[in-house]
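Input: a single structure, listed below in structure tokens.
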Amino acid sequence: MPPLQDRPELPVAAAHSPLDVHRGAHPASPAHTLNIPPRTALPIAITMGDACGIGPEIVLKALAAIGAEPQAKAAHLATHLAARLIVYGDPGLLARTARRLGLPLAITACESASQAAAILDAAILDVAPDTAGGDNTAPDLDHSELPAPGRHTAHTPTPPITVAVVACSRLPDDLPIGHIDARAGLAAHTAIVRASQDAIAGRIAAVVTAPIHKEALRAAGIHHPGHTEILAELAGTSDVRMMLANHELRTILVTIHVSLREAIEQITQAAVADTIAIAHAGLQKLGIAHPRIAVAGLNPHAGEGGLMGREEIEIIAPAIAQARTQGIDASGPWPGDTVFMRARGFRDFDVVVAMYHDQGLIPVKYLGIEQGVNITVGLPFIRTSVDHGTAFDIAPRGIADASSLRAAIDLAITLCASPAGDASITASSISESPRVVASSTDHPPSA
């Protein structure tokens, strides 16, 4: 069977914050104006994704585009610099990609997050990166292919933006773009592990992930189905949830990357109740004081009073009742074929708790994958992601849309600037403190 291709990117649509807390309100101008952390705050990591897909392309396009809007170029460039966005991946491959796309970027290889942050701080001050402390090269790298920071090249008629890359791999020049390759799968996994370890150790504030490919992971001997499961293992927790959101709809999943048969078996009262509590805590962190949570049923017509299944009666309804005793505004179970209509534009609900992967993600993605953000809730650090896959079918063409990644970066910066200060959210946090915190995560092709 030929490998499934991820959905191609869509044209850029009007930009709105995917987690805009003003129900039904749309900003008058494109979103990307943020309350950023000070320069002394921890940097934010962006993982390169699968090198055979559009990951490297959209990472570089997102970094190059920051500050490009005519109405606020200086402010947006300052946002990028102050947030100190560090890429984890292969510096050589990224340099080749930047040249192929003609992007005004100077790729600088680094050994660590601290060195990368120092280089970006030097760039903010318009000081040569070599004076920021330490050698700005990584071991075993061919730096003949890396543009010199701050210098003009044939492709950069204006001073290039410095991109600091924590060197996690070295991929060959002849990597088959647009095809599954075990080397790309391993490199993507290595970048995720390195960035996550730095986040857990407190060296970076958040992780933003570009898409990875499940078959490439498997070819590399990695048996996790996606980001969510990898991150949960690294963090030593199983209490994580995947939330997907755009400017019209939010959904959070009870089960994630398992077969439909396994998903049904995993739907328990405890799993549903925990997901409701995590959704409540997460939306409060995002600024909604009293979230309205709709809980979808599992069966057609939400079971039709038990005629089409008893999961709603025996599992889902008791979980909703449990949540309501904790002061959570949860309702349902609502039929899955109509509840998302009522939640669209946040008319009746602020989030829908979906029982399984496709039930929740089809409605959000149908509204536009170019603006969606994937959030992993329950990790001890902030993690956001694109809501699309590796798009192997368009990867060699250089036409990928970086809008979803930009939205994920913006959300990570916003969450880092939150006064709550704690990125983690668990089901128990709802009863531990009136000030709960959240974070979101994952997407299907690489979740």
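For segment 249-366, the convex hull drawn through the C-alpha positions has a volume of 94 cubic angstrom per residue. The protection proxy used here, the mean number of other Cβ atoms lying within 10 Å of each residue, ranks peptides 171-182, 198-209, 371-382 as follows, highest first: 371-382, 198-209, 171-182. With neighbour counts taken as other beta-carbon atoms within 10 Å, the residues Ser112, Ser385, Ser196 rank, fewest first, as Ser112, Ser196, Ser385. Backbone phi angles across segment 298-307, fed through the Karplus curve with coefficients 6.51, -1.76 and 1.60 (θ = phi - 60°), yield HN-Hα couplings of 8, 8, x, 6, 6, x, 6, x, x, 6 Hz in residue order; Gly and Pro are listed as x.
Amide hydrogen proximity for Leu105: with H placed 1.01 Å from N in the peptide plane, the residues at 5 or more positions away or on another chain lying under 5 Å are Ile161. By the count of neighbouring beta-carbon atoms within 10 Å, fewest first, Tyr356, Tyr366, Tyr88 end up ordered Tyr366, Tyr356, Tyr88. Ordered by the count of other Cβ atoms within 10 Å of each Cβ, fewest first, Asp393, Asp410 give Asp393, Asp410.
Under 5 Å from the amide H of Val386 lie the amide H atoms of Thr209, Asn374, each residue being 5 or more positions distant or on a separate chain, with H modelled from the backbone and absent for Pro and chain starts. Scaled against 2.2 N^0.38 Å for its residue count N, the alpha carbon radius of gyration of segment 249-302 is 1.24. Converting phi to 3J(HN,Hα) with the Karplus coefficients 6.51, -1.76 and 1.60 and the offset θ = phi - 60°, segment 232-241 yields 4, 5, 4, 7, x, 9, 10, 8, 10, 9 Hz in sequence order, with x at every glycine or proline. Take the Cα of His179, step 7 Å toward its Cβ, do the same at Glu304, and the gap between the two points is 5.1 nm. Once backbone amide H atoms are built at 1.01 Å from N, Arg84 has no partners under 5 Å, excluding neighbours fewer than 5 places away on the same chain. So the label point goes 7 Å from the Cα of Glu233 along Cα→C-beta, right? Which residues of segment 248-264 then have their backbone N under 20 Å from it? Residues passing the 20 Å test: 255-259, 262-263.
Values in this text are rule-based calculations from the coordinates and carry no lab data. What you see is a predicted model, and the numbers here were worked out from it, not measured in a lab. With ideal geometry, Cβ positions are generated from the backbone for all residues, glycine too; neighbour counts draw on all protein chains shown.
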